[in-house]
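Q: Pasting a structure below so you can have a look.
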Amino acid sequence: MRLLDLRIGMCAAILLLGVTAGTARADTPAAAAPAPDPAAPVAGGSAPHTAGWALKPTGSTSRFRGLAAVSRTAAWVAGSKGTVLRTRDGGRTWKDVSPPAAVAEGLELRDIEAFDERRAVALSIGEGEASRVLRTEDGGATWTETFRNPDPRAFYDCLTFFDARHGLAMSDPVDGKFRILSTSDGGRSWRVLPATGMPEALPGEAGFAASGQCLVSAGPRDVWLATGGAATARILHSADRGLTWRIAESTVPAGDPARGVFALAFQDRTRGLAVGGDYRTGQPSPQAAAVSSDAGRTWRPAATPPPAYRSGAAWYPYSRGTAFAVGPTGTDLTTDAGRTWRPLDAGSFDTVDCAADAGCWAAGEQGRVARLERR
């Protein structure tokens, strides 16, 4: 849509999320030897008594809606003004690895998917040729443009990867159907999939390029697509890497171009979360979260949803029931797999992502990036 702007069975019920401000400059290494990683998982099956977002100054004023958590020490962010940053030391320092052409043209990079510290694929959004895919194999030292949208009617919003080779990107409807782009070589080349297995879109229906999470995958073949803007906010599921899709209605309100499901998160191929609402400042967002336990066939509303619009969501890898939802007005935590949410922090973030080693990161406006750490 045209929206430019932690198994080990840990108990996570006593996570208390708060923001602590980092002090080192983004481009200056810390003078002292690094302390033990405060975000390391706790051994013995018990959770930290407290944890919180520790800000990691980036030195940038870009808005980072694209985020890829590689580990507790490594992450990529992508955002406005064609900016891409990467850290390999837990956010103490950030390296500007922006694609020069993206900077020169001021591209809006709204999604980035990373395979490791050196390989990543980024998506810029916009009508026609503004929608592009860029790939790096050397940590951002060089980038290759691997796709440029030739169709002025298409507007790509999000991308996802099943593994290091197979991935998809999605565009708002063209000729009445969402368009799906596919790669089988790690993003080096792309092809538009046939539209025969895609249901008809509703009038006004589209995706939201708000956090890189309107298209998400789990396992080798399952993928989900979130929509809004139409009379109903829907979630589409494909079990064959985007060839055929099945529709489910979510319980997140729509009925307006600014309302719908903005982000999805699936812990596995059956357990999913949906968050969204109305992105306009000051507008109410009731029932802004939903849950599914059947691969997205059906959705039920959260009994206690987040209190406001949320644009990003992520599961905490070391707990079956813990996840985060973020938005411009704060972060919320669930410890019962999305049935109830409670506000934990008022800091602004657009997107959140957790790596397999429990390295959780959040990013947003004015260069804000943070990592989840013990306090």
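The values are calculated or read from the model by the stated rules, or taken from the named source; none is laboratory data. None of these values were measured; they are calculated from a predicted model. When we count neighbours, we look across all protein chains shown, and the Cβ atoms used for this are built from the backbone with ideal geometry, even at glycine. Surface areas here come from the heavy atoms of the whole protein model, side chains and all, with no ligands, DNA or RNA. Shrake-Rupley method; radii C 1.70, N 1.55, O 1.52, S 1.80 Å.
Q: Which value in nm describes the separation of the simple spin-label points at A231 and R191, placed 7 Å from the Cα toward the beta carbon?
A: 3.7
Q: Follow-up question, since we're still on this one. Just to check I understand the Karplus step: with θ = phi - 60° and J = 6.51 cos²θ - 1.76 cosθ + 1.60, what whole-Hz values come out for region 290-297, glycine and proline as x?
A: In residue order, the calculated couplings are 9, 10, 9, 10, 10, 6, x, 5 Hz.
Q: Taking K and R as +1 and D and E as -1, what net charge do the other residues with C-beta under 12 Å from the C-beta of G272 add up to? Walk me through the intermediate numbers first.
A: Numbers: positive: R269, R271, R297, R300; negative: D222, D268, D294.
Charge balance near G272 sits at +1.
Q: For region 216-233, take each phi angle, set θ = phi - 60°, evaluate the Karplus expression 6.51 cos²θ - 1.76 cosθ + 1.60, and give the result in whole Hz per residue in order, putting x for glycine and proline.
A: Running phi through 6.51 cos²θ - 1.76 cosθ + 1.60 with θ = phi - 60° gives 9, 10, 8, x, x, 9, 8, 8, 10, 10, 9, 10, x, x, 9, 5, 10, 8 Hz.
Q: Another question, then. Please report the carbon-and-sulfur percent of the accessible area for the chain; probe 1.4 Å, protein heavy atoms only, DNA, RNA and ligands left out.
A: Details: 7360 of 14070 Å².
C and S fraction of accessible area: 52 percent.
Q: Suppose accessible area is computed on protein heavy atoms with a 1.4 Å probe; arrange I247, I112 from highest to lowest.
A: I247, I112
Q: Hey, another quick one. List, in order, the whole-Hz ³J(HN,Hα) value for each residue of region 52-67 obtained from phi through the Karplus relation with A = 6.51, B = -1.76, C = 1.60 and θ = phi - 60°; use x for Gly and Pro.
A: x, 7, 9, 5, 10, x, 9, x, 10, 10, 5, 8, 9, 9, x, 8
Q: So who's got an amide H within less than 5 Å of the one on R259, skipping anything under 5 residues away but keeping other chains? H placed 1.01 Å off N, in plane.
A: G229
Q: Could I ask something else about it? Tally Lys and Arg at +1 and Asp and Glu at -1 over the other residues with C-beta under 14 Å from the C-beta of P220: what net charge comes out?
A: Details: positive: R165, R221, R241, R269; negative: D163, D222, D240, D268.
Around P220, the surrounding residues sum to 0.
Q: Efficiency by 1/(1 + (r/R0)^6): what FRET value for T304 and D268, r their Cβ-Cβ distance, R0 = 30 Å, to the nearest 0.05?
A: Details: r = 24 Å, r/R0 = 0.79.
According to the calculation, E is roughly 0.80.
Q: Give me the number: length gained by fully extending Q287 to A141, i.e. 0.36 nm times residue separation minus the C-alpha to C-alpha distance, one decimal in nm.
A: Details: separation 146, 0.36 × 146 = 52.56 nm, distance 4.36 nm.
So the chain would gain 48.2 nm between Q287 and A141.
Q: Next up: Which cross-chain or sequence-distant (5 or more) residues have an amide H under 5 Å from the amide H of G327, H modelled 1.01 Å from N in plane?
A: Counting only residues 5 or more places away or on other chains, the set is S311, F349.
Q: Here's a follow-up. Which net charge results for the neighbourhood of H237, defined as the other residues with beta-carbon distances under 15 angstrom from its beta-carbon, given Lys and Arg at +1 and Asp and Glu at -1? Intermediate values should be presented prior to the final figure.
A: Details: positive: R221, R234, R241, R246, R269, R271, R297; negative: D222, D240, E249, D268, D294.
That works out to +2.
Q: Right, something else. Might you tell me the accessible area per residue for the chain, computed with a 1.4 Å probe and given in Å²? The partial results should precede the final answer.
A: Working: 14070 Å² over 375 residues.
Ligands and nucleic acids excluded, the figure is 38 Å² per residue.
Q: Between region 270-310 and region 69-97, how far is it from one alpha carbon centroid to the other, in angstrom?
A: Taking the Cα centre of region 69-97 as reference, the centre of region 270-310 is 29 Å away.
Q: Name the residues whose placed amide hydrogens come within less than 5 Å of the amide hydrogen of T251, ignoring near sequence neighbours (fewer than 5 apart) on the same chain.
A: Amide H neighbours of T251, under 5 Å, 5+ apart: none.
Q: By per-residue mean of other Cβ atoms within 10 Å, what is the highest-first order of 239-245, 319-325, 369-375?
A: Details: 239-245: 17.4, 319-325: 24.4, 369-375: 21.9.
Going from most to least packed, we get 319-325, 369-375, 239-245.
Q: Given the alpha-carbon gyration tensor of region 146-282, what are the semi-axes of its equivalent ellipsoid in whole angstrom, ordered largest first, with each equal to the square root of 5 times an eigenvalue? Kindly include the intermediate steps, with their values, before the conclusion.
A: On the way: eigenvalues 100, 58, 37 Å².
For region 146-282, the semi-axes come out at 22, 17, 14 Å.
Q: Would any residue of region 279-313 have its amide N under 11 Å from a label point 7 Å out along Cα→Cβ of R320? List them or say none.
A: Of the residues in region 279-313, none has backbone N under 11 Å from the label point off R320.
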